[in-house]
1. Hey, rough spin-label estimate for residue 92 and residue 148, points 7 angstrom out along Cα→Cβ, what's it come to in nanometres?
2. Could you work out how much longer the chain between residue 197 and residue 281 gets when fully extended? Use 0.36 nm per residue separation minus the Cα distance between them, nm to one decimal.
3. Can you give the FRET efficiency for residue 248 and residue 109, using 1/(1 + (r/R0)^6), R0 = 30 Å, r = Cβ-Cβ distance, to the nearest 0.05?
4. Would you mind computing, in nm to one decimal, how far apart the modelled labels at residue 210 and residue 291 are, each placed 7 Å from Cα along Cα→Cβ?
5. How big is the Kirkwood radius of region 165-261, worked out from every pair of different alpha carbons and given in Å to one decimal?
6. How many angstrom lie between the Cα centre of region 158-204 and the Cα centre of region 330-382?
7. Under 14 Å from the 7 Å Cα→Cβ point of residue 445, by amide nitrogen: which residues of region 244-263?
8. If one puts a single equal scatterer on every Cα of region 334-460 and applies the Debye formula without solvent, what log₁₀ I(q)/I(0) results at q = 0.10, 0.16 Å⁻¹?
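Values quoted throughout were computed directly from the atomic coordinates according to the rules given, and no laboratory measurement underlies them. None of these values were measured; they are calculated from a predicted model. Don't worry about glycine lacking a Cβ; one is built from the backbone with ideal geometry, like all the others, and counts go over all protein chains shown.
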C-alpha cells in the first residue's frame, strides 16, 4: 500500500514542478532523484515536502505477544514476521511458552499499567472485551473498512472482534478441536475399524491394546486433559448440552446426569493411555502415532503438521475423522490478536500493516498451511491444503449453516472460570479417588463464581 502512495506522490510532485519548468527527475533503483533549477524558496519547499512524506512512510516497530515459539507454530509465526519485514518494519517477539491465561495475562497487565503495552497480543476471545472496556485497545475500523472485513469474515467471528461496533482485534485462523487422528497401519494390525461412536471407539481401543499398542496417545498436562474432555462432552452430550454447560454456564446442567455420563466416558479413556503420559508435551504424544507406538490421538488440528511431515517422508499412513459422536458438530478456536494503543506514528503504521497482513489472502493461505488450521477469511482457495483441512473447511461451513458450530471452552468462558474448570477436570483425570459427583459440583461452583476481571482498572 505504501509503495502505491509513494508512486502517486512522486508522479504528482514531478508533474507540478515540470509544469513550471522547475525540475527534472530520474530514477535510480526505484528512488526519485530531483534536479531543480529554481530559487532557494522552491528548493526549500521540495525538501520540506519530501521530508514530510518520508515521515509518513518511516519504517516502524511492532512488538507482538504470542505463544508460537516451537515447531510448526514457530514456522507459522515466521510467515507473519517475514511479511512485516518485507514492508520495512521491525518485529520484536514478546513470546511466551504458555497458554493465554495466568502468568502471560499478568505480565501483559503490568506492561499496560506501565504505559508500555506491546503493539499486538495474542489473547482469548472473552478477554478482548475486558481490555476494550478499559480503553487501551486501538480502533482498526479504517483498515477494516478499506479491506471489507465485514464481508470476508464469518459474522460470528467478526462480531467477537468488535467493541461497541468497532474492530479492536483481528483473527488469523480457525482450529477444529474435535478431531480424532488414527495411525492406519496400527488400525489394520489390530484388525479394527475407524470409529464414529464412543462404543466403536472403545472397541477399537481394546483391539489396539490387545495387539500390543498404546491405544490413545495423550500428554498428561491440564490443558491436554481439558481438550480431550471437551471432545467427549460434545460427543456424549451433543450440541444443545454443550451450549448449556459451556456457553450459558448452567449450573444445573453442569451437575446433571448427562455430565455424569460425560465424566464416566472421559475417565474410561485413561485405561487406554500409557503410564508415562503424565507431563508429556502434546507434540511428543503426536510423535507416538508417527512412530507406530500408538493408534489414536484426540487433539486439535495443530497436531496435523506433525502427521503430514511424517506422511510426506513415507513413514506414516494416517487419517482424520471427527471425534466420536461429533460428526455434525464443529468445536472451534480462533487465534486472535488484540491491537493495543501505541504512542508513535511509525508504530501505528506498523500496527495497521500487521492488521492488514493478518487477513490478506496470501498470508491466510501461507500461515494456515504451516499452522495446520484453516483460513478464517471466507473464500480463500484451499487447493494447496491437505485433505483434512478441506474436510475441516467444509465441516465449518456446514456447521455454520446448521447451527452446530460451537466455540471451544477457551473461546466462550472468562479465563478465571476456564482455569477453575480445567483444574477440576485435570484433577479428576489424574486421581481416581475423585468421584464424578465431586467434579460435577466443582464445575457448577466454578460457573457460579463471579469471574475475576482479568484486566484491572487502569489509573485515570
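1. Placing both labels 7 Å beyond Cα along the Cβ direction yields 3.7 nm.
2. On the way: separation 84, 0.36 × 84 = 30.24 nm, distance 2.71 nm.
Extra length available between residue 197 and residue 281 comes to 27.5 nm.
3. Values: r = 28 Å, r/R0 = 0.94.
Efficiency computed from Cβ-Cβ geometry: 0.60.
4. Result for the modelled spin labels: 2.6 nm.
5. On the way: mean 1/r = 0.0626 Å⁻¹.
Over region 165-261, the inverse of the mean reciprocal pair distance is 16.0 Å.
6. Distance between centres, Cα-based: 21 Å.
7. 255
8. -0.58, -1.03
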